[in-house]
Amino acid sequence: MELFKDKEHCCGCRVCEQICPQSAITMQMDECGFLYPMIDSQKCIDCGLCLKKCSFQNGYKKRKEFEPARSYAARHKEMGTMMKSRSGGAFTAVSDQILMSGGVVYGAGYDSEDRLFRVIHKRAETQEQRNEFRGSKYVQSDLGDVFCQIKKDLAAGKSVLFSGTGCQVGALHTYLGKEYDQLLTVDIVCHGVPSPKIWEDFLKMREQENGGIITSVDFRDKVHYGWKAHRETVWVNEKRISSRLYSKLFYLDVATRPSCFRCIYANKNRPGDITIADFWGHEDAVPGFNADNKGVSLVMVNTQKGYDIWEKAEKDMEIIDCTGYPFRHTNMKRPTKRPDNYEEFWEDYQQFGFDFVIKKYCDYEVGTKAQEISKKAENQTFFGIIKRNKYYLKLKALLKNVKKRFF
Ligand SMILES: Cc1cc2nc3c(=O)[nH]c(=O)nc-3n(C[C@H](O)[C@H](O)[C@H](O)COP(=O)(O)OP(=O)(O)OC[C@H]3O[C@@H](n4cnc5c(N)ncnc54)[C@H](O)[C@@H]3O)c2cc1C
């Protein structure tokens, strides 16, 4: 049996693997670092369930109950939450409602067994566990067996929130095959998911350059650069190194999963009860709402179920109703375009490795600029600005003179 025609037709959601009654399907990583299902022909009984359950090839049930979707510009009232969240912290406000009612939340976190911050989907019962899901991880998250865990939670009568990319939310609905009143799905507007192998290579490079181990990561460092900028920061043995290398690869789209270029969810018919995104275009839609550049969420409420939860979550947010506003998000109009140099990038990578592609595509010589970038990053912090202030420099010179004369 052929599961998919070519790689653009498989989003790696694992539904076929999870649903197979013979356990004949296993996920295997290809040379680019993406997972694809492989069938063991000895075990396969040709029942066709895997093909029937593939939402990426068969399409998905659109959940649009409101036309247009009820839309809001939203910012969490707590600045601490805002700073930990990618945009306005809408995910925290919504998931808090589920946790407070004794429910469980699923989202993208880090594999605690993996030294190099592998991104996987996880289950959270507490706010502390859920907090790990905050912040966008610009890499494909491995769903593992979370769909199976969700089914068990639902069977036990628990309220469940599942958050993920459109293809992950669509896949969960197909996997379950029926509606559950206690299931709330939240999809994120998605530009495309880069390869986990490239993410791993990037972190290894940072470790080698700095002779230590990665202790923390931030895919988009809002604390030091604000919400609009896109720079990643990693900490090697607590030393902070910020750059625009991994993010550059993300925007070049060269390391993106092939299926993202024909994403069936890149439109306004969202698969989730609630959709969250960065509120690009907020300057015109809600002038002054993001004056401090700490971020704004766009929240689209697509179903009555989503609205019931959102009504409760609203109390934790500053919100402005934007229903009917013509949002400009490209990935709600069409999938990201495959760049012309996509094949060339992967051929280079297979032949010459990560150090070569980071030089060729990001103009970065491994090992040479780490210090400089870190210095540049420091210059933009509060203390960096103080350090360059002329009065500070004069005072420093004066103290130096005093020290020289008297000691
Ligand atoms: C790969 C990727 C591409 C994106 N592209 C766009 C875009 O083009 N335009 C746009 O407006 N917004 C995009 N976003 C969404 C945006 O960055 C924020 O995730 C969203 O606005 C939520 O912000 P928040 O402050 O409400 O939530 P936060 O508290 O920051 O929560 C993040 C949410 O995203 C989920 N998440 C994080 N990483 C992943 C991942 N790798 N896979 C699946 N789910 C994940 C978490 O489970 C959680 O639900 C993208 C996010 C990702 C992960």
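Where a number appears in this text, it was derived from the coordinates with a stated rule and is not lab data. This one's a predicted model, so the numbers in the text were calculated from it and none came from an experiment. Quick reminder, even Gly has a Cβ in these numbers, built from the backbone with ideal geometry, and neighbours come from all protein chains shown.
General observations
- In this simple spin-label approximation, residue 308 and residue 267 carry label points 7 Å from Cα along the Cα→Cβ vector, and these lie 2.8 nm apart.
- As a proxy for reagent exposure, 227, 235 were ordered by neighbouring Cβ count within 10 angstrom, fewest first; the result is 235, 227.
- Rounded if a/c under 1.5, otherwise prolate or oblate - the range 23-163, Cα gyration tensor axes: prolate
- Prolate/oblate/rounded call for the range 93-209, Cα gyration tensor, a/c under 1.5 rounded: prolate
- Prolate is the label for the range 104-168. Its Cα gyration tensor axes, ordered a ≥ b ≥ c, give a/c of at least 1.5 and a/b above b/c.
- 10 Å Cβ shell holding at most 12 others, DSSP loop, GluC sites (Glu not before Pro): longest site-free stretch of the chain: 239-364
- Greater than 28 Å apart at Cα, pairs in 7/158; 43/151; 61/137: 7/158
- Range of Cα positions in the chain per principal axis (Å), largest first: 89, 53, 38
- The DSSP beta bridges internal to the chain are antiparallel in roughly 75% of cases.
- When every Cα-Cα distance of the range 7-58 is counted in 10 angstrom steps from zero, the calculated P(r) takes the values 26, 55, 19, 0 percent.
- Computed with the Debye formula from one identical point scatterer per Cα of the range 269-364, without solvent, the log10 of I(q)/I(0) at q = 0.13, 0.19, 0.21, 0.25 Å⁻¹ comes to -0.68, -0.93, -1.05, -1.35.
- Cβ charges +1 (Lys, Arg) and -1 (Asp, Glu), total dipole of the range 81-141, debye: 220 debye
- Principal axes of the range 231-280: Cα extent on each, largest first, Å: 43, 25, 20
- Extending 7 Å from the Cα toward the beta-carbon at both residue 340 and residue 112 defines two label points whose distance is 4.9 nm.
- Total charge dipole magnitude, the chain, about the Cα centre, Cβ charges on Lys, Arg, Asp, Glu only, Debye to nearest 20: 1820 debye
- Modelled spin labels at residue 280 and residue 209, positioned 7 Å past Cα toward Cβ, are 2.6 nm from each other.
- Label point at residue 5 placed 7 Å out along Cα→Cβ; residues across the range 245-263 whose backbone nitrogen lies under 19 Å: 258-263
- Each Cα pair under 8 Å and six or more residues apart adds its sequence gap; the mean of these over the residue count of the range 7-58 is a relative contact order of 40 percent.
- Sequence-distant contacts, meaning Cα pairs under 8 Å at least 6 residues apart, place the relative contact order of the chain at 21 percent.
- For the range 183-258, the convex hull drawn through the C-alpha positions has a volume of 134 cubic angstrom per residue.
- For residue 294, a cut-off of 12 angstrom between C-alpha atoms picks up these aspartates and glutamates, skipping any fewer than 8 places away in its own chain: 78, 221, 278.
- Annotation note: trypsin sites (Lys or Arg not before Pro) in the range 322-365 located in DSSP loop regions with a Cβ neighbour count of at most 14 within 10 Å are 328, 333, 337.
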